[in-house]
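The values are calculated or read from the model by the stated rules, or taken from the named source; none is laboratory data. For clarity, every value in this text was computed on a predicted model and none was experimentally measured. Here Cβ is always computed from backbone atoms with ideal geometry, including for glycine, and neighbour counts include all displayed protein chains. Areas reflect the complete protein model, heavy atoms only, side chains present, ligands, DNA and RNA absent. Shrake-Rupley method; radii C 1.70, N 1.55, O 1.52, S 1.80 Å.
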Amino acid sequence: MTVGTGAGLDTADMVLNIGPQHPSTHGVLRLKLTLDGERVVACEPIVGYMHRGAEKLFEVRDYRQIIMLANRHDWLSAFSNELGVALAVERLMGIEVPERAIWLRTAMAELNRVLNHLMFLGSYPLEIGAITPMFYAFRERETLQAVMEEATGGRMHFMFNRVGGVKEEVPAGWTVRARQAIKTVRKRLPDLDHVIRKNDIFLARTVGVGVLTAAQAAAYGASGPVARASGLDFDLRRDEPYLAYDQLNVPVVTKKSGDCHARFEVLLDQAYVSLDLAEECLDRVDKISGPVNVRLPKVVKAPEGHTYAWTENPLGINGYYLVSRGEKTPWRMKMRTASYANVQALATLIPGCLVPDLIAILGSMFFVVGDIDK
């Protein structure tokens, strides 16, 4: 298409592919852009390059094995992923999970949320030229990673949830060490906060850029920090509580502006909230004794029927629709993931922006490609 510039020169729109391998796309995502000079005219997100087929693989794995498959699609939220599947199976089978396991799950879910957020709090500034926040973010991640690894044995894929509870009792003294790690991170998190939140260069690159309105966020099904930065005051932990969240006061962090900076701030403020929630859960764990799982038969079969469980994952709402025909494997397990909805919104957010702002917008939508190509 030829465009008149008004200066006696004709220019042609250029089609540019960002990805599928590109440092700013968090994995193999492809953006097909139409450019008029430095301005993006149209954006088409193209997904599917990492398709894992996990939903189909669920159908040939038993109820214990599918937790491993679900663990991996958002590799930054592994504990929360496996938790959602376990909750769906337990709901269908009518299993009542021991109280100590419920509080342990809640504590670890919040620690996993902080681990997820810290990754984006470090990588997002890096994508637009600030390297220092990454060092602070990874310092805090390693502190929390150590206690998660001690309890579960895994660094990324924890595999600690089981149908009916958790894998095993945590090591002696673990809650004390976990609280100390939380205290350390809470004390040092302002280092990251002060170096980037009010940084003039960071503000210039993010304030007023990539504005997603509340109506647009709702229309695309965006959730989690992305939606709350646009003013959608919705959080399953408070509004449809699961685990022990009905016994906790869960502050929901929201902003109104819906721009890149608001999304970053929601993530940062949510990290402080999750540290407080995790500490409160650990205090409750110390007051409760008893088993951490339910004894299951050698072959686990869910009764015929279907159920839907959803959780407030670090990146937004994850849904798990489980259908059983009474066999030892699911007949169908359909996942609704937060990253997929976030990426859809790029088609609206990016057109009209300049190429340098493209990376700032893309990074602020907080997605993991495995979570899209599930």
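Looking at Glu149, Glu169, Glu127, Glu99, just one residue is free of Cβ contacts under 8 Å to residues at least 40 places away in the same chain, under 30 Å from Met335 (Cα atoms) and open to solvent by 10 Å² or more (accessible area, probe 1.4 Å), and that residue is Glu149.
Does region 351-371 contain at least one residue that is among the small types (Gly, Ala, Ser) and over 20 Å from Leu121 (Cα atoms)? Checked against the condition, which is being among the small types (Gly, Ala, Ser) and over 20 Å from Leu121 (Cα atoms), region 351-371 yields at least one hit.
Close Cβ contacts (under 6 Å, 6 or more residues apart or on different chains) running from residues in region 43-62 that are over 24 Å from Ser324 (Cα atoms) to residues that are loosely packed, with under 13 Cβ neighbours inside 10 Å are absent. Figure legend. Inter-residue proximity from region 327-343: first residues more than 30 Å from Met365 (Cβ to Cβ) and open to solvent by 10 Å² or more (accessible area, probe 1.4 Å), second residues modelled with pLDDT of 90 or more and hydroxyl-bearing (Ser, Thr, Tyr), beta-carbon distance below 9 Å, spacing 6+ or different chains. Indicated pairs: Lys328/Tyr63; Thr329/Tyr63; Trp331/Ser324. Taking residues in region 110-121 that are at positive phi and open to solvent by 10 Å² or more (accessible area, probe 1.4 Å), and partners anywhere that are assigned to a helix (DSSP H, G or I) and modelled with pLDDT under 95, not one pair has Cβ atoms closer than 9 Å while being at least 6 places apart or on different chains. In region 51-85, the qualifying residues are those that are over 14 Å from Val163 (Cα atoms) and acidic (Asp, Glu), and the one that is modelled with the highest pLDDT is Glu59.
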